[in-house]
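Have a look at the structure below before the remarks.
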Amino acid sequence: DAGVIQSPRHEVTEMGQEVTLRCKPISGHNSLFWYRQTMMRGLELLIYFNNNVPIDDSGMPEDRFSAKMPNASFSTLKIQPSEPRDSAVYFCASLPAGANVLTFGAGSRLTVL
Amino acid sequence: GQQVMQIPQYQHVQEGEDFTTYCNSSTTLSNIQWYKQRPGGHPVFLIQLVKSGEVKKQKRLTFQFGEAKKNSSLHITATQTTDVGTYFCIPNTNAGKSTFGDGTTLTVKP
């Protein structure tokens, strides 16, 4: 199994640009989580999906952030427009039904100039 | 969500020394999980504890869950440079929804 696949691994963009981060969960996992990690705030849960349906988006910082899961094998996290304070590592994690252990992807390191 | 206090926040040891990190809660926990994140890496699941007084070992790592299920510890015997990273304890994980605290960041001097 290739694990949770995230892309891009690194992105540098300018303030105001749109950013799209992508995640492919492990095949057969039915829950998907987006986390953000910064030095100041640590590892924060942004949103999670169960069977492609968003269950809890209370961690999404503001309207500039949106996440979708159009099918069981793909999710996106979009920031529009991006701001320097969005610079962070964004992790995607997935989980099979009935389980309680997250498998994380390698993360996408975003730098907004 | 459930909050636990994890101490210390930072620990620097000489290679070969032992290391312990503690998680303390004011309320009884249903379970506790431990993750490790290497510098520049992603969190990796280590173990889940659910039973009162449970002790589990993974090579040089020993995990304990207190009798009252309010605290937990991770002990590493004879640290190696490969042990560097941040160790997180996660309380009351339910269907994967996990709240990560600051963790304990371990550095090991060779």
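Considering only residues that are in contact with a strand residue (DSSP E or B) (Cβ under 7 Å, 6 or more places away or on another chain) and in a loop (DSSP other than H, G, I, E, B), look in the stretch B:81-94 and name the one that is farthest from residue B:4 (Cα to Cα).
Initially, the stretch B:81-94 is screened for residues in contact with a strand residue (DSSP E or B) (Cβ under 7 Å, 6 or more places away or on another chain), giving B:81, B:83-91, B:93.
Still in the list and also in a loop (DSSP other than H, G, I, E, B): B:84, B:93.
Numbers: B:84: 22, B:93: 12 Å.
That would be B:84.
In this structure, is residue B:39 at the interface with chain A (Cβ under 9 Å from one of its Cβ atoms), touching a residue at least 12 places away in the same chain (Cβ under 8 Å) and closer than 30 Å to residue A:34 by Cβ? Let's see the steps before the verdict.
Numbers: at the interface with chain A (Cβ under 9 Å from one of its Cβ atoms): no; touching a residue at least 12 places away in the same chain (Cβ under 8 Å): yes; closer than 30 Å to residue A:34 by Cβ: yes.
For residue B:39, the condition - at the interface with chain A (Cβ under 9 Å from one of its Cβ atoms), touching a residue at least 12 places away in the same chain (Cβ under 8 Å) and closer than 30 Å to residue A:34 by Cβ - is not met.
What single numbered condition from (1) within 11 Å of chain A (Cβ to nearest Cβ); (2) at pLDDT below 95; (3) open to solvent by 20 Å² or more (accessible area, probe 1.4 Å) fails to hold for residue B:31?
It is condition (3) that residue B:31 fails.
For the stretch B:77-92, what are the residues that are more than 10 Å from the chain's Cα centre (by Cα) and closer than 17 Å to residue B:19 by Cα?
Hits for the stretch B:77-92 are B:77, B:78, B:79, B:80, B:81, B:82, B:83, B:84, B:85.
Where in the stretch A:21-93 are there strands (runs of 3 or more DSSP E), lying wholly inside it, with at least 1 residues that are in contact (Cβ under 8 Å) with a residue 40 or more places away in the chain?
Working: elements: A:29-38, A:42-50, A:53-56, A:65-71, A:74-79.
So the answer is A:29-38, A:42-50, A:74-79.
Is it true that residue A:43 is more than 14 Å from residue A:3 (Cα to Cα) and open to solvent by less than 60 Å² (accessible area, probe 1.4 Å)? Step through it out loud before you land on a result.
Details: more than 14 Å from residue A:3 (Cα to Cα): yes; open to solvent by less than 60 Å² (accessible area, probe 1.4 Å): yes.
It is true that residue A:43 is more than 14 Å from residue A:3 (Cα to Cα) and open to solvent by less than 60 Å² (accessible area, probe 1.4 Å).
Being open to solvent by less than 10 Å² (accessible area, probe 1.4 Å) and under 15 Å from residue B:72 (Cα atoms) is the filter here, so list the residues in the stretch B:92-110 that pass it.
Here is the first cut: in the stretch B:92-110, the residues open to solvent by less than 10 Å² (accessible area, probe 1.4 Å) are B:93, B:96, B:98, B:103-104, B:106.
Scanning the stretch B:92-110 gives B:93, B:103, B:104.
If you scan the stretch A:8-19, which residues turn out to be surrounded by 15 or more Cβ atoms within 10 Å (Cβ to Cβ) and touching a Lys or Arg at 6+ places or on another chain (Cβ under 9 Å)?
Those that are surrounded by 15 or more Cβ atoms within 10 Å (Cβ to Cβ) and touching a Lys or Arg at 6+ places or on another chain (Cβ under 9 Å): A:11, A:19.
Quick grid of which residues meet (1) facing chain A (nearest Cβ under 9 Å); (2) hydrophobic (A, V, I, L, M, F, W, C); (3) in a loop (DSSP other than H, G, I, E, B); (4) within 22 Å of residue A:88 (Cα to Cα):
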position: B:47; (1), (2), (3), (4): no, yes, no, no
position: B:57; (1), (2), (3), (4): no, no, no, no
position: B:64; (1), (2), (3), (4): no, no, no, no
position: B:72; (1), (2), (3), (4): no, no, no, no
position: B:78; (1), (2), (3), (4): no, yes, yes, no
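For residue A:76, state whether it is touching a Lys or Arg at 6+ places or on another chain (Cβ under 6 Å) and modelled with pLDDT of 95 or more. Before the answer, list the steps.
Values: touching a Lys or Arg at 6+ places or on another chain (Cβ under 6 Å): yes; modelled with pLDDT of 95 or more: yes.
Yes, satisfied.
crowded, with 16+ Cβ neighbours inside 10 Å, under 30 Å from residue B:50 (Cβ atoms) and in contact with a Ser or Thr (Cβ under 7 Å, 6 or more places away or on another chain): does that describe residue A:88? Working first, answer last.
Working: crowded, with 16+ Cβ neighbours inside 10 Å: yes; under 30 Å from residue B:50 (Cβ atoms): no; in contact with a Ser or Thr (Cβ under 7 Å, 6 or more places away or on another chain): yes.
In short, no.
The values are calculated or read from the model by the stated rules, or taken from the named source; none is laboratory data. Note that the structure is a prediction, hence the values are computed from the model and not measured. Every residue, glycine as well, gets a Cβ built from its backbone with ideal geometry; the counts of neighbours run over all protein chains shown. In case anyone asks, the SASA skips ligands and DNA or RNA and just uses the protein heavy atoms, side chains included. Shrake-Rupley method; radii C 1.70, N 1.55, O 1.52, S 1.80 Å.
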